[in-house]
């Protein structure tokens with residue numbers, strides 16, 4: 001069911017959008033828009049033309065001089081072929097033409113794998129454009145010791161404006177990008193910088209077990225053009241032998257990556273991205289409509305009996321919005337093996353001893369847009385010398401990890417703002 005050829009074709013087409021700097025003599029380098037800030041988006045690493053799965057990534061651009069025309073691009077904890085090799089930091093020059101900022105730079109960087117293998121001095125080039133809040137970047141790394149070329153393609157959206165350390169991160173859900181498993185008939189989209197359980201819902205559609213996706217853009221927005229519609233859907237409930245299809249599939253929107261695990265769907269949600277600040281609060285807007293018929297799974301482990309859900313008229317569905325900061329030893333940006341997931345126990349996003357801080361909101365029916373503010377409950381002290389991952393998770397059924405919920409439950413979210421120190 002994977003449409004890899006189509007995905008690669010789309011990737012090749014996207015690369016044509018990247019251009020280098022305009023070097024027209026009449027361009028004034030000092031009269032350009034400030035593009036410094038943090039950008040969240042999707043990053044694809046290709047080695048000699050073979051592309052890995054896209055991952056969620058944060059890239060920072062920092063003004064390196066008094067003028068806006070000189071910046072430093074920073075991609076922390078870069079890895080390829082399963083190996084963490086170090087940071088990419090390249091000074092770039094910015095020019096502007098017709099409202100579009102173009103930047104480029106080159107630097108020889110020294111990389112060493114986490115197992116101590118020295119890759120040597122590697123010529124690294126950066127080319128990109130910024131238009132409004134959207135950014136497109138192409139990074140090329142020549143690994144002479146391995147006789148390989150590593151290409152990095154990134155498209156994202158500005159979260160924070162101004163130099164690194166800005167404490168406000170905004171998510172307005174205005175920009176949506178093609179994501180996950182694609183087909184000519186039914187591609188799906190996700191907000192820039194976010195992942196979702198749409199991949200699972202899409203696979204169930206292909207199997208004839210679902211008639212809709214769980215995450216879609218909505219023009220019913222608190223502000224701007226779009227909000228996010230997150231929905232729990234009826235997925236029939238069936239034992240297919242190689243996999244149990246649940247009766248209820250909860251919609252989940254989150255910061256992280258979705259890596260399909262057919263044997264345990266809860267392990268597919270790889271929550272969190274590398275994060276180096278101390279979160280303080282999360283605020284935003286929501287509204288919620290619970291579905292009419294609530295189903296529960298009576299027997300554990302729930303994943304093995306999710307197809308046997310039964311109606312429980314005594315319960316009404318609720319939504320959940322959560323934000324979690326947790327510790328990690330090393331970042332695995334390819335297989336996401338260090339990420340907490342939707343499973344229970346030590347690897348679970350809500351049950352692991354690695355959780356440092358958590359903020360949560362549960363609630364029921366809310367017909368009009370309502371603002372919320374969440375403060376973090378700290379389980380451990382924040383340590384700036386440690387490595388962390390951070391995620392925000394929005395679910396249309398708060399007990400969706402037990403495959404409980406009501407088909408037709410709809411959570412709408414818009415205009416999130418994360419404050420951090």
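Each value in this text was obtained by applying a stated rule to the coordinates, not by laboratory testing. The structure displayed is predicted, hence computed values, not measured ones. For neighbour counting, all protein chains shown are included, and Cβ atoms are generated from backbone atoms with ideal geometry for every residue, glycine included.
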How much FRET efficiency would the formula 1/(1 + (r/R0)^6) give for residue 207 and residue 77, where r is the Cβ-Cβ distance and R0 is 30 Å, rounded to 0.05? 0.25
Quick check on the stretch 269-397: take the gyration tensor over C-alpha atoms, sort the square-rooted eigenvalues as a ≥ b ≥ c, and tell me if it's rounded (a/c under 1.5), prolate or oblate. oblate
Whole angstrom only: what separates the Cα centroid of the stretch 172-251 from the Cα centroid of the stretch 327-404? 20
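If I take every Cα pair under 8 Å that is 6 or more residues apart in the stretch 311-362, average their sequence separation and divide by the length, what percent do I get for the relative contact order? All intermediate terms of the calculation are to be shown ahead of the outcome.
Numbers: 58 pairs, mean separation 22.8, N = 52.
This gives 44 percent for the stretch 311-362.
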Which part of the stretch 253-297 falls in the paramagnetic zone of residue 421, meaning amide N under 14 Å from the point 7 Å along Cα-to-beta-carbon? 277-281
Degrees, to the nearest 10: 4-15 long Cα axis against longest axis of the chain: 40
Rough spin-label spacing in nm, given labels placed 7 Å along Cα→Cβ, for residue 304 and residue 106: 6.0
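Tell me whether the stretch 200-296 comes out rounded, prolate or oblate; compute the Cα gyration tensor, take square roots of the eigenvalues as a ≥ b ≥ c, and use a/c under 1.5 as the rounded threshold. Walk me through the numbers on the way to the answer.
Working: a/c = 2.20, a/b = 1.37, b/c = 1.61.
Because a/c hits 1.5 or more and a/b fails to exceed b/c, the stretch 200-296 counts as oblate.
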Rounded to one decimal in Å, the inverse mean reciprocal Cα-Cα distance for the stretch 176-420, i.e. its Kirkwood radius, is 18.2
Quick note, the chain: a/c under 1.5 would make it rounded; otherwise a/b > b/c is prolate and the rest oblate (a ≥ b ≥ c, C-alpha gyration tensor); here it is prolate
Would you calculate a helix-derived [θ] at 222 nm for the chain, using -39,500 (n - 2.57) for each DSSP H run of n ≥ 4 and dividing by the full residue count, to the nearest 500? -1500 deg cm²/dmol
